[in-house]
Amino acid sequence: MAEAIARFVPDGSEAALGTAQETMIPFAAGHEIIRQQKRNLTLVGPISDMLFDQMIGAGCARRVRAAWVGNVITGSGYNFRRAVESGALEMEDHSNLTISMALRAGAMGVPFMPARTALGSDLYRTNKSLIEMTCPFTGDKLTAVAAITPDIAIIHAQRADETGAAHFWGNLGISREACLASRRVIITAEEIVPSAVIRSDPNRVIMPAFKVAAVVHAPWGAHPSPVPGYYNRDHDAFLDYQARSRTPAAFAAWLADWVTSVHTSQDYLARLGQERVKALRIQHHALAQAVDYGY
């Protein structure tokens, strides 16, 4: 993980993270970015949960392009709020749809996507990438949503092979769009598997392997967000973070406990403890129906 972040996430990068909505958020990668003290990043994502709040509190971000930043369970992201109110953070407000369409435009290689969304809203006040336009065919009033092409997308997956081909399932959000729009992709994965496993179900591969700059084995790399088929959301972690991020001093203590003193997946699992890990593991499996790709 450390090598991938050091090499492919330089200071000043635009990075898409947390693109699967409330699931499979790459917390382990975000924490490594914090440990390496990356600076002046632009963070892109629809929701990102409290990962963006942590990276903002650690001083990694100068700009955010997102639909929502906070703590999904409890609401406010205190570091985000302090940074915006102090003027330390530049915010480009999006809806879930406009951020999706911006990345879709980037994935398609076009400069913008036309949409009916955002018309009449105040998103135009903070977002210069939204411009009112007239459709050349119908004369209808539309929104032009400018493309976003991040330098890097960091995606957590259930499993990947060494070439970068990976299987994703569950709520993918806009992960496919983010991967195709970005110049490079880093995959963190619960498991590293033989390529034959990935080839056995090609429909679960959402992007070509040649887009992938690095594959990192990161078991529990999305905790405390859930990973379908592996572990559930850790509600206590979100509640604990809310209580321990209310002030800069409290957040600094939380950061020391959970980020700066933790360097590997093994360290992190030890910090969680065996009982907590066991309680979060999937207890009731719901397997998909088998498909036949025979010829």
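The values are calculated or read from the model by the stated rules, or taken from the named source; none is laboratory data. All of these numbers come straight from a predicted model, not from anything done at the bench. With ideal geometry, Cβ positions are generated from the backbone for all residues, glycine too; neighbour counts draw on all protein chains shown.
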So which residues in the range 15-28 are in contact with a Gly (Cβ under 7 Å, 6 or more places away or on another chain) and either small (G, A, S) or within 15 Å of F80 (Cα to Cα) (or both), if there are any at all? A16, G18, A20, A28
Note on the range 142-164: residues out of contact with any Pro (no Cβ under 8 Å at 6 or more places or on another chain), buried (at least 23 other Cβ atoms within 10 Å of the Cβ) and farther than 21 Å from L97 by Cβ are I152, A157, A160
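So in the range 189-209, with the set limited to residues that are assigned to a loop (DSSP other than H, G, I, E, B) and within 25 Å of the chain's Cα centre (by Cα), which one is farthest from S175 (Cα to Cα)?
The initial filter retains those residues of the range 189-209 that are assigned to a loop (DSSP other than H, G, I, E, B), namely 193-194, 200-201, 205-208.
Filter again for within 25 Å of the chain's Cα centre (by Cα), leaving 193, 201, 205-208.
On the way: V193: 21, D201: 18, V205: 11, I206: 8, M207: 9, P208: 13 Å.
The selected residue is V193.
Could you check the range 1-95 for strands (runs of 3 or more DSSP E) lying wholly inside it with 2 or more residues that are of a type in the set (D, E, K, R) and touching an Asp or Glu at 6+ places or on another chain (Cβ under 6 Å)? Quick ask: steps written out before the conclusion?
On the way: elements: 14-17, 41-45, 61-66, 90-93.
Of the strands (runs of 3 or more DSSP E) lying wholly inside the range 1-95, those with at least 2 residues that are of a type in the set (D, E, K, R) and touching an Asp or Glu at 6+ places or on another chain (Cβ under 6 Å) span 61-66.
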Only one of (1) surrounded by fewer than 17 Cβ atoms within 10 Å (Cβ to Cβ); (2) over 26 Å from G106 (Cβ atoms) does not apply to V84, and that is (2)
When residues of the range 116-141 are filtered for being of a type in the set (A, V, I, L, M), surrounded by fewer than 20 Cβ atoms within 10 Å (Cβ to Cβ) and in a strand (DSSP E or B), how many remain? 2
Failed condition for G30, given (1) buried (at least 24 other Cβ atoms within 10 Å of the Cβ); (2) of a type outside the set (S, T, N, Q); (3) modelled with pLDDT under 95: (3)
I need the full set of residues from the range 127-141 which are among the small types (G, A, S) and farther than 16 Å from I99 by Cβ, in order please. G139
